[in-house]
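One structure is given here, and the rest of the page talks about it.
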Amino acid sequence: MEKLIIIKYAELNTKKSNINYFIKILKDNIKKSLDGIDANIHFDKGRMFIESSENNYNIILNKIKNIFGIHEIIIGYKLLDRDLEVIKSTVVDLIKDENISTFKVITKRSDKNYPFDSMEISRKVGGAVLKAYSNSKVDVHNPEKEIYLEVRLDAVYIYFNREKGIGGYPVGSLGKGILMLSGGIDSPVAGYLAMKRGIKLEALYFESPPHTSDQAKNKVLELAKKLSSYNGEMKVHIINFTKIQEEIYKNIPHEYLITIMRRMMYRISMKVAKRNKCLAIINGESVGQVASQTLTSMQVINEVINMPVIRPVACLDKLEIIDIAKKIDTYETSILPFEDCCTIFVPEHPVINPLSDKCEEYEKLIDYEELINDAVINHNVVKISNKNKYEDLL
């Protein structure tokens, strides 16, 4: 009998002929997360198995709990001898030190040629447990102990406890996107939800020194570090937005400041995205939350780019977004009181239904193409990992 970790897949089981593609990426992501740990990983279309030494299992469980594509994580036992008498005695031996009052045996038999069906196996194993522990009884509705048996072609797998994974698709299985990461609550949550759909992230942050501080930038880098727990290593593109923002403030009617600023940010995001082979822009816009997030504003802002914009939190209210932010441990960082460039120079009455022809007219007052190209060419990149400190890329 061998102890091991069993991984059950999430939505991957719906992929049919493409399932091996997704499972291989999941395996690669797990392997990267276990770098430095001696572990053997193998899989089939139904399960993935991780074998290691006993003292590594808690470390492995902690590392893989944030990996997308996993439905359940189980510590179980692999029994090569599939004889029913051996199964019965093994189950009794595994629970011998427990004081069990009620239990239930749940059997899944993928090997349909096995001489007993699932109900028979459960009944016979349950009988062995009742015989060994006379004070226990079967409770199929609310048992104190659940005993799981999986009869497969190669072995019988026995386990008792299941830990829910975070589901979704493996990161990187559905391409790469660039996340417009501000210091607020919404954009880290949007990044998390995008990763859950299999999107590998790079992040982009707009700074505007001296109007924004190093503390604001460091807050964003800390948020990126938290997201890297799910994404693996992440690049953060830091754009100096000062000249563009000052030109907008000096030349554009103030009710259009936010709209024009967002159009410039989208243009820059698309250029950086395409340079880095990203297929979409991702941001934390939520319909109606601020002036630039009305449907009219979104349409006018979107007009300046020709690539998809994914807004994972578009239809969530603020409390729903906050709940997710707390779950993924970004909330406390996001509420640190350091302003980013989206919160400075905010007009008293921003337009909520901007007009495209007005935006085009006002943008002619700025030589924005040169400013944008300069910002893109001269931007800095920081490589973020949840394992170490920020490392500047040269």
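Read-outs throughout are calculated quantities, based only on the coordinates presented, and are distinct from any laboratory measurement. Everything quoted here is computed from the prediction, not taken from an experiment. Neighbour counts run over all protein chains shown; Cβ positions are idealised from the backbone, glycine included.
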Worksheet, complete the sentence: Pseudo-spin-label distance Asn306 to Asn62, built 7 Å along Cα→Cβ, given in nm, is 5.0 nm
Worksheet item: Between Asp44 and Asn380, what FRET efficiency comes out of the Förster formula 1/(1 + (r/R0)^6) with R0 = 45 Å and r the beta carbon distance, rounded to 0.05?
Response: 0.50
Fill in: Computed magnitude of the charge dipole of region 176-392 (debye, nearest 20; Cβ of K, R +1, Cβ of D, E -1)
1060 debye
Worksheet, complete the sentence: Taking alpha-carbon centroids only, region 184-243 lies from region 336-365 a number of Å equal to 21 Å
Worksheet item: Among Asn99, Ile87, Ile75, whose Cα sits farthest toward the positive end of the charge dipole of region 44-128 (+1 at Cβ of Lys/Arg, -1 at Cβ of Asp/Glu, about the Cα centre)?
Response: Ile75
Worksheet item: Which is farthest toward the positive dipole end of the chain among Ile260, Gly177, Ser292, measuring Cα position about the Cα centre, with Cβ charges +1 (Lys, Arg) and -1 (Asp, Glu)?
Response: Gly177
Worksheet item: Counting DSSP beta bridges with both partners in the chain, what percentage is antiparallel, nearest 5?
Response: 60 percent
Worksheet item: Which GluC sites (Glu not before Pro) does region 217-255 hold that lie in a coil by DSSP with at most 15 other beta carbons within 10 Å?
Response: Glu233
Worksheet entry | Helix-only CD estimate at 222 nm, as mean residue ellipticity for the chain, using -39500 (n - 2.57) per DSSP H run (n ≥ 4) | -11500 deg cm²/dmol
Worksheet entry | Inter-probe distance in nm under a simple model that places probes 7 Å from Cα toward Cβ, at Asp97 and Ser213 | 5.3 nm
Worksheet item: What is the dipole size for the chain, taken about its Cα centre, with +1 at each Lys and Arg Cβ and -1 at each Asp and Glu Cβ, in debye to the nearest 20?
Response: 1420 debye
Practice prompt. Mind jotting down the distance between the C-alpha centroids of region 108-182 and region 14-43, whole Å?
Written response: 20 Å
Worksheet entry | Among Leu130, Ile352, Leu204 the positive-end extreme of the charge dipole of the chain (Cβ point charges) | Leu130
Practice prompt. Wrap a convex hull around the Cα atoms of the chain, take a quarter of its surface area, and give that in square nanometres.
Written response: 22.9 nm²
Worksheet, complete the sentence: Those helices of the chain passing the 24 Å axial Cα length cut-off and the mean Kyte-Doolittle cut-off of 0.0 (DSSP H runs only) are 257-275
Worksheet item: Using unit Cβ charges (K, R positive; D, E negative) and no other charged atoms, how large, in debye to the nearest 20, is the dipole of region 2-165 about its Cα centre?
Response: 560 debye
Discussion item. Test of understanding: ordering Leu149, Leu130, Leu227 by Cβ neighbours within 10 Å, fewest first, what list do you get?
Written reply: Leu130, Leu149, Leu227
Worksheet item: If you take the Cα atoms of region 176-392, find Rg, then find the Kirkwood Rh from the mean of 1/r over all pairs, what is Rg/Rh?
Response: 0.94
Worksheet item: aspartates and glutamates near Lys196 by alpha-carbon distance under 12 Å, same-chain residues fewer than 8 away left out - which ones?
Response: Glu11
Worksheet item: Asp357 to Asn251: FRET efficiency via 1/(1 + (r/R0)^6), r the Cβ-Cβ distance, R0 25 Å, to the nearest 0.05?
Response: 0.90
